[in-house]
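The values are calculated or read from the model by the stated rules, or taken from the named source; none is laboratory data. All values derive from a computational prediction rather than experimental measurement. Cβ sites come from the backbone with ideal geometry, for glycine too, and all protein chains shown count toward neighbours.
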Amino acid sequence: MSEADYEKTISVNRKARYDYHIEESYEAGLVLLGSEIKAIRAGRVNLRDAYGVIRNGEAWLLNMHIGPWDQAGHMGHEPRRERKLLLHKYQINRLTRNVEAKGYTLVPLRMYLRDGLAKVELALAKGKRQYDKREAIAKRDTQRRIDQALRRRR
């Protein structure tokens, strides 16, 4: 892997895959302040309650928490401010159609740095029902038991 292909995962939204059926995902850039990118590089990001919206033909990421960067002092940022997502117009149009017509939600799956730039993997997702979640837990438990049994046999 060369220096130009460098990618470092900063934060993963594990709960998203548990709560939603992921249909497709997009890579989006973020409009950030200087203290925000410093805090992201320090790993002070929480995506758990974050979600995306489309307003006036622009994509926004709401409720994502980027912790304060200590050296910023009074020039710091608000941790939960709305942040603009950088997507192509055709991607925004496609997302708008799906969110409005089919009842999908925009959920961030992970945040990472690629070539020094902060990116978010944004997913078009549909909420799971309670029985889907129980099914996922049952599959995970069954797989864990199978793996344990196989390890004991070795």
_Matching residues in segment 1-51 - criterion: being of a type in the set (A, V, I, L, M), part of a loop (DSSP other than H, G, I, E, B) and closer than 27 Å to Ala136 by Cα_ = Leu47, Ala50
*asked:* Within segment 109-129, take every residue that is within 20 Å of Tyr18 (Cα to Cα) and among the small types (Gly, Ala, Ser) and give me the one that is surrounded by the most Cβ atoms within 10 Å (Cβ to Cβ).
replied: Ala123
_Sole residue being more than 21 Å from Tyr6 (Cα to Cα) and either buried (at least 17 other Cβ atoms within 10 Å of the Cβ) or among the small types (Gly, Ala, Ser) (or both), chosen from Ala50, Ala42_ = Ala50
*Given (1) in contact with a helix residue (DSSP H, G or I) (Cβ under 8 Å, 6 or more places away or on another chain); (2) modelled with pLDDT of 85 or more, number of the condition Glu7 does not satisfy*: (1)
*Filter segment 52-85 for residues that are assigned to a loop (DSSP other than H, G, I, E, B) and either more than 24 Å from Val99 (Cα to Cα) or modelled with pLDDT under 90 (or both) and give the result.*
Gly67, Pro68, Trp69, Gly76, His77, Glu78, Pro79, Arg80, Arg81
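Is there a residue being over 18 Å from Leu113 (Cβ atoms), at pLDDT 85 or above and not hydroxyl-bearing (Ser, Thr, Tyr) anywhere in segment 27-49?
Within segment 27-49 (the criterion being over 18 Å from Leu113 (Cβ atoms), at pLDDT 85 or above and not hydroxyl-bearing (Ser, Thr, Tyr)), the answer is yes, since at least one residue qualifies.
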_I need the full set of residues from segment 91-124 which are among the acidic types (Asp, Glu) and under 16 Å from the mean Cα position of the chain (by Cα), in order please._
Glu121
*Looking at (1) surrounded by 11 or more Cβ atoms within 10 Å (Cβ to Cβ); (2) out of contact with any Gly (no Cβ under 9 Å at 6 or more places or on another chain); (3) farther than 18 Å from Ser35 by Cα, find the lone condition where Leu106 falls short.*
(2)
